[in-house]
1. Can you give me the distance in nm between label points at K81 and K165, each placed 7 Å from the Cα along the Cα-to-Cβ direction?
2. I need the calculated FRET efficiency for the pair E243 and S177, taking r as the beta carbon distance and R₀ as 35 Å, to the nearest 0.05.
3. Pull out the extension gain between D141 and N107, defined as 0.36 nm times the separation in residues minus the alpha carbon to alpha carbon distance; nm, one decimal.
4. Any idea what log10 I(q)/I(0) is at q = 0.08, 0.09, 0.10, 0.12 Å⁻¹ for the chain, Debye with uniform C-alpha scatterers and no solvent?
5. What per residue convex hull volume, in Å³, comes out for the range 156-252 when only alpha-carbon positions are used?
6. Any idea how far apart E293 and K34 come out in nm if each label point goes 7 Å out from Cα toward Cβ?
7. Sequence gap at least 6, Cα distance under 8 Å: using those rules, report the relative contact order of the range 132-275 to the nearest whole percent.
8. In debye to the nearest 20, how big a dipole does the chain give about its Cα centre with +1 on each Lys and Arg Cβ and -1 on each Asp and Glu Cβ?
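What follows is calculated from the coordinates using simple rules that are stated; it is not laboratory data. Every value quoted in this text rests on a predicted model; they were computed, and no experiment measured them. All Cβ positions, even for glycine, are placed from backbone atoms using ideal geometry, and neighbour counts span all protein chains on display.
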Amino acid sequence: MKKILYLVMFCFSISCTGDKIGNQKFLESFREKKIMEVQDISFETESIKVPMQMEYMDNFLYFAEYNADYLIDVFDCSTGKLYNSFIPRGMGPDEYLWISSMVIIDNHLMLYDNSYKKITFLPKMGSETIEKPMDIIIKGDSIIQSSLNAFPLSKENYLISGIIKDAHWAIIDSVGSLISTFDTYPEDSYMEKKSTPADIAMAYQGRFISNPQKTKGLYTYDTGIILRFCDISEDGYLTRTKEYSHAHIEYTPKSKKDFSSVSFSKNNINSFIDLKGTEKYCFLLYSGLKFSEADEKAGEWYSGNRILIYDWDGNPIREILLPSRYNMFAVDTNHRLLYLLKTNTEESANDDYSISMLDLSADFEAF
């Protein structure tokens, strides 16, 4: 199972040029640095299959699984036991193929399947309110040519990334119709002159997080040390307020007539593995390993050993050095805890995965 996880992550990662100078310069922006220990916690990790994403809500951990019979597994943090599994995988009614986005919003779990272009809202675990899942189908047209990821700005508006004609982002409404498009991709000296708009879009896919109020946001790219902080207007437009760019994306177009793809240099940095947003801060799990190390460090390559914390104005707050490398994390804002998932590469390990807890309650009065 671990080999599948690495293969999937590698296929969906994007490269960027990044030598040691760019990496070091980026980390030097954090004047406050702290080495911290984590607490290993008892979890029924043998029930975790091939996790792709991880979220926390009201004492439950949610995992989006890859290629499993059920694509969402839910664990009770009080007991560490598997609480529920749902979202059947398949091509029938109410089935899904792939969870490309999983986000917590307003005590609901938002899922996006880019195979079916379907956004689904589900109530939290343990809710006494019985709600029928709300589905939104993104309407494809000549503008939204491919919708790879969806991020909620509210229950009425959604931010779409993918291949968007003449733009970086699209905004759709609650019935999946296009409202508008806006913004451009970063331009730098590494941009290939022969790149088509689809090539550029494939190279610059990434992640977006926001604060719970949906007034501040941050988007990064899957690789490349590029961060764009922004304000979010009431109608969902993003206005950049600060940008960091320490390592640019370098790629060669490989697109064919009906298929868009790019190839990347191995001299690239795998940067932001996972992002989470709270009311006050942005938390980023950072790797810093080069693509050339993917074979040598297969068990560690898509993992990070640093948590980088920014405020929503883009100011570096703290760099936390972790005792090991982790693949993803989730945030418990009420107790100021981070849950970290690690892939166990040791032959002696009983389970493929382990979960640890990083307690920041003594360091931060609030998240």
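1. For K81 paired with K165, the spin-label model returns 5.5 nm.
2. It comes out at approximately 0.70.
3. Length gained between D141 and N107: 9.1 nm.
4. Values returned for q = 0.08, 0.09, 0.10, 0.12 Å⁻¹ are -0.37, -0.48, -0.60, -0.90.
5. It comes to 94 Å³ per residue, whole-number rounded.
6. Each label point is offset 7 Å from its Cα along the Cβ direction, giving 2.5 nm.
7. So the answer I get is 17 percent.
8. 980 debye
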